[in-house]
Amino acid sequence: MGRVTANTTIVIEAPVAAVTAAIADYAQVRPRIQPEEYTAYRLLEGGQGHGTVAAWNLRATSKRSRDVQAEVTVEDAPGHWSLVEKDANSSMATVYTVREATAGSLVEMTTSWKGAGGVGGFFERLFAPAGLKRIQHSLLKNLKDDVEASAGR
């Protein structure tokens, strides 16, 4: 069993504070920006950053879906801000990291989990990251459009 990881980055033409506020907003922003692969979104606790618990179904393919219950933690460190969604139902975790960039904010989204073993695990490590990167790109593009529209860009 190895780790399976998908990573996507995007530059958003807005200040770090606006981008981090949008990522951490599970009450208003998150339901708006989730692509079609996310269904049955529910806010269970909180709604703003650390301590929030939200749930949804992530449909990676027509045959593979996962019920996610994300427990949110936030780290605000010098030079970067990170939000972690740890799935209570599996080993999956998604980390959003935001850093200042020349044109605004650099957002990196990394999702990883313990992969299956054997032949199935081989194919999972081979094909799952590409599919998940496509979903990550859609979510980050929606985030970019939402934040930049709010900033009047």
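The values are calculated or read from the model by the stated rules, or taken from the named source; none is laboratory data. What you are looking at is a predicted structure, and each value in this text was computed from that prediction instead of being measured. A quick note on method: Cβ atoms are made from the backbone with ideal geometry, for glycine too, and the neighbour counts reach across all protein chains shown. Quick note on the areas: whole protein, heavy atoms, side chains included, nothing else; ligands and nucleic acids left out. Shrake-Rupley method; radii C 1.70, N 1.55, O 1.52, S 1.80 Å.
In segment 40-99, what residues are of a type in the set (D, E, K, R) and more than 21 Å from N7 (Cα to Cα)?
R42, E45, K63
Restricting to segment 36-45, name every residue that is surrounded by 16 or more Cβ atoms within 10 Å (Cβ to Cβ) and in a loop (DSSP other than H, G, I, E, B).
E37
Mind listing just one residue for me: the one in segment 18-31 that is of a type outside the set (G, A, S), part of a helix (DSSP H, G or I) and within 14 Å of A54 (Cα to Cα) and, of those, most open to solvent (accessible area, probe 1.4 Å)?
P31
Looking for something part of a loop (DSSP other than H, G, I, E, B), open to solvent by less than 70 Å² (accessible area, probe 1.4 Å) and among the polar types (S, T, N, Q) - is there at least one such residue anywhere in segment 46-55?
For segment 46-55, residues part of a loop (DSSP other than H, G, I, E, B), open to solvent by less than 70 Å² (accessible area, probe 1.4 Å) and among the polar types (S, T, N, Q): present.
Does segment 98-110 contain any residue that is surrounded by 16 or more Cβ atoms within 10 Å (Cβ to Cβ), of a type in the set (D, E, K, R) and under 19 Å from G49 (Cβ atoms)?
yes
State which residue is farthest from M92 (Cα to Cα) when the search covers only segment 110-141 and only residues that are of a type in the set (S, T, N, Q) and at pLDDT 90 or above.
Our first condition is that a residue be of a type in the set (S, T, N, Q); within segment 110-141, this holds for 110-112, 136, 138.
If we keep only those that are at pLDDT 90 or above too, we end up with 110, 136, 138.
Working: T110: 10, Q136: 14, S138: 19 Å.
So the residue we want is S138.
From the list E85, E13, which one is among the acidic types (D, E), within 13 Å of the chain's Cα centre (by Cα) and at pLDDT 95 or above?
E85
Looking only at segment 142-153, filter to residues that are loosely packed, with under 15 Cβ neighbours inside 10 Å and either of a type in the set (D, E, K, R) or assigned to a helix (DSSP H, G or I) (or both); which one of those is modelled with the lowest pLDDT?
In this case the residue turns out to be R153.
Do we find that V107 is touching a His at 6+ places or on another chain (Cβ under 7 Å) and modelled with pLDDT of 85 or more in this structure?
On the way: touching a His at 6+ places or on another chain (Cβ under 7 Å): no; modelled with pLDDT of 85 or more: yes.
So V107 fails the test.
For the subset of segment 1-17 comprising residues that are outside any strand (DSSP E or B) and either without any contact (Cβ under 8 Å) to a residue 24 or more places away in the chain or open to solvent by 60 Å² or more (accessible area, probe 1.4 Å) (or both), which member is farthest from K144 (Cα to Cα)?
The residue in question is M1.
Report yes if some residue within segment 49-67 is in contact (Cβ under 8 Å) with a residue 60 or more places away in the chain and over 18 Å from A93 (Cα atoms); otherwise report no.
Of segment 49-67, the ones in contact (Cβ under 8 Å) with a residue 60 or more places away in the chain are 58, 60-61.
Of the ones still in play, those that are also over 18 Å from A93 (Cα atoms) are 61.
There is at least one residue in segment 49-67 that is in contact (Cβ under 8 Å) with a residue 60 or more places away in the chain and over 18 Å from A93 (Cα atoms).
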